[in-house]
Amino acid sequence: QVQLVESGGGMVQAGGSLRLSCAASGRTASTDTMGWFRQAPGGLREFVTRITWGPWNNGDTYYADSVKGRFTVSGDSAKNTMYLHLNNLTPEDAAVYSCAVGRGVLNTVGYDYWGPGTQVIVSS
């Protein structure tokens, strides 16, 4: 089992920035990818980004088109921690942001464990 805890959510004005954190514990050696997803009220869960650590693609990242250029994912595999820097936020970015981990994921699918999420509110 892997446990995930997100933090850093809050309220920000449009155009502002936030930094979210995700800390993983437990059997993290069974995973090589950490990802961020978000779900707005009444909406479906949406992939945001992922970061993968491995001997051939250490720190490789992938972003959804909707956040590319505004959000940046980073992390420390040794500390099992991932960050998401959200810049130039818009009201459409408001959602509960959750982190997930897995091994051999195909960017948006294949995650095995999920955190409870942290809420981001963007005021216009």
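Put a dot 7 Å past the Cα of Val109, heading toward its Cβ, do the same for Thr72, and the two dots end up 3.2 nm apart. For the pair Ala29 and Gln1 in one chain, pulling the backbone fully straight at 0.36 nm per residue adds 9.0 nm over the alpha carbon distance.
For the peptides 6-18, 72-84, 94-106, residues were scored by their other Cβ atoms within 10 Å and the scores averaged per peptide; the highest-first order is 94-106, 72-84, 6-18. Heavy-atom accessible surface of the range 60-124, averaged per residue, reaches 50 Å², computed with a 1.4 Å probe. Calculate, for Met11 and His85, the FRET efficiency according to 1/(1 + (r/R0)^6) with r their C-beta to C-beta distance and R0 22 Å; round to the nearest 0.05. The calculated FRET efficiency here is 0.80. Between Arg70, Arg50, Arg27, the GNM of the chain built on Cα springs shorter than 10 angstrom shows Arg27 fluctuating the most.
The values are calculated or read from the model by the stated rules, or taken from the named source; none is laboratory data. Since the model is a prediction, treat every value here as computed from it, not as a measurement. Cβ coordinates were reconstructed from backbone atoms using ideal geometry, including for glycine residues, and neighbour counts include every protein chain displayed. Heavy atoms of the whole protein, side chains included, go into the accessibility calculation; ligands, DNA and RNA do not. Shrake-Rupley method; radii C 1.70, N 1.55, O 1.52, S 1.80 Å.
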